[in-house]
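> The structure that follows is given in the form of structure tokens.
Here, each number is a calculation from the coordinates, and none is a lab measurement. Since this is a predicted model, take the numbers as computed values, not measurements. All Cβ positions, even for glycine, are placed from backbone atoms using ideal geometry, and neighbour counts span all protein chains on display.
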């Protein structure tokens with residue numbers, strides 16, 4: 001592939017057209033068309049345009065061999081939909097959907113992983129002042145735009161905490177200025193994006209741009225541009241823009257779990273370039289391919305990933321479609337949870353305090 005640098009705006013307009021939201025609306029329609037024709041159409045569309053066969057070690061020809069004999073022209077629309085639902089599930093991709101007027105296919109990557117999150121525990125024992133809380137909190141947590149934030153006093157240190165629940169909600173300049181200004185006296189900062197299923201990829205940069213004074217090559221993206229499985233266009237590089245009057249360049253820990261998907265995976269991948277940021281928790285859920293789609297002859301709508309992205313890893317790019325691995329693996333310990341402790345937050349606090357002593 002030829003390499004070329006593009007502005008982030010160009011990437012958004014040209015490449016990530018399908019990631020402006022993790023769920024795109026579909027049109028309805030399911031007239032009674034020939035199931036064989038529709039099967040062949042959908043299989044061929046995926047065969048020529050899907051971007052991750054080799055990364056996921058998927059033999060799409062074998063999928064055809066398995067599912068083609070099961071197509072019966074006498075089967076109901078519901079039965080045919082379920083068969084196509086099952087076939088698309090072999091792609092193991094949350095950006096793959098099929099929609100009729102009566103159902104929507106989807107794939108949940110987090111089925112095979114621990115949840116690693118307890119919202120009630122977080123509220124009772126960490127974020128709000130009460131008799132259960134582990135800290136002598138000065139006040140209730142703040143909610144500034146989409147950001148919930150708190151200050152944890154721990155053994156003479158002040159640890160900042162920011163929770164960003166969904167990248168579907170933008171952060172204004174005021175939101176980030178106010179929040180980071182509140183974090184000025186802290187030793188280190190926790191950014192908790194567990195359960196953040198993604199949203200608008202543009203929104204990750206409002207946070208990313210404030211965590212460094214330098215410009216970094218964050219990741220590269222290529223678009224599928226031919227019917228062969230290895231046919232991709234030029235590599236387009238994405239950089240941060242270290243802007244804003246208020247920045248936070250002290251140690252930062254981001255906490256992730258498998259429910260971090262799509263734009264949140266890009267968030268974790270981009271921060272691999274920052275020396276002051278450590279990712280802990282579990283591998284993100286992936287979702288690095290921008291989805292694009294169309295309409296089958298019977299009126300059903302489909303979408304699937306048509307791009308690939310990777311972050312710099314030495315002289316190569318680490319493809320993060322299957323998730324961004326943490327620097328430190330941590331799972332919620334059931335015994336900790338029973339005693340009101342979030343193992344991941346406690347680990348983040350310990351790590352930040354230890355980094356402050358170096």
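> Taking Rh as the Kirkwood radius computed over C-alpha pairs, what is the Stokes-Einstein D of region 152-272 at 10 °C in a medium of viscosity 1.306 mPa s, expressed in µm² per second?
Here the translational diffusion coefficient equals 101 µm²/s.
> Sum -39500 (n - 2.57) across every DSSP H segment of at least 4 residues in the chain, then divide by the residue count to get the 222 nm mean residue ellipticity, nearest 500.
Rounded to the nearest 500, it is -7000 deg cm²/dmol.
> Using the alpha-carbon atoms, what tilt in degrees (0 to 90, nearest 10) does helix 343-356 show relative to the longest principal axis of the chain?
Helix 343-356 and the main axis of the chain meet at about 50 degrees.
> If packing is taken as the mean number of other Cβ atoms within 10 Å per residue, what is the order of 132-145, 274-287, 51-64, 293-306, highest first?
Per-residue mean Cβ counts within 10 Å order the peptides as 274-287, 293-306, 51-64, 132-145.
> Would you list the P(r) distribution for region 266-319, with all Cα-Cα distances sorted into 10 Å bins from 0 and each bin expressed as a whole %?
19, 39, 23, 13, 6, 0
> Could you work out the per residue convex hull volume over the alpha carbons of the chain, in cubic angstrom?
With only Cα atoms used, the chain gives 148 Å³ per residue.
> Angle between the Cα long axis of helix 77-89 and the longest principal axis of the chain, 0 to 90 degrees, nearest 10?
50
> To continue, here is another question. Relative to the longest principal axis of the chain, what angle (0 to 90°, nearest 10) does the C-alpha long axis of helix 173-182 take?
40
> How do the peptides 199-206, 327-334, 77-84 rank, highest first, by the average count of neighbouring beta carbon atoms within 10 Å per residue?
199-206, 77-84, 327-334
> Now a separate question. Highest first, please rank the peptides 240-249, 315-324, 215-224 by the mean number of other Cβ atoms sitting within 10 Å of their residues.
The packing order, highest mean first, is 215-224, 315-324, 240-249.
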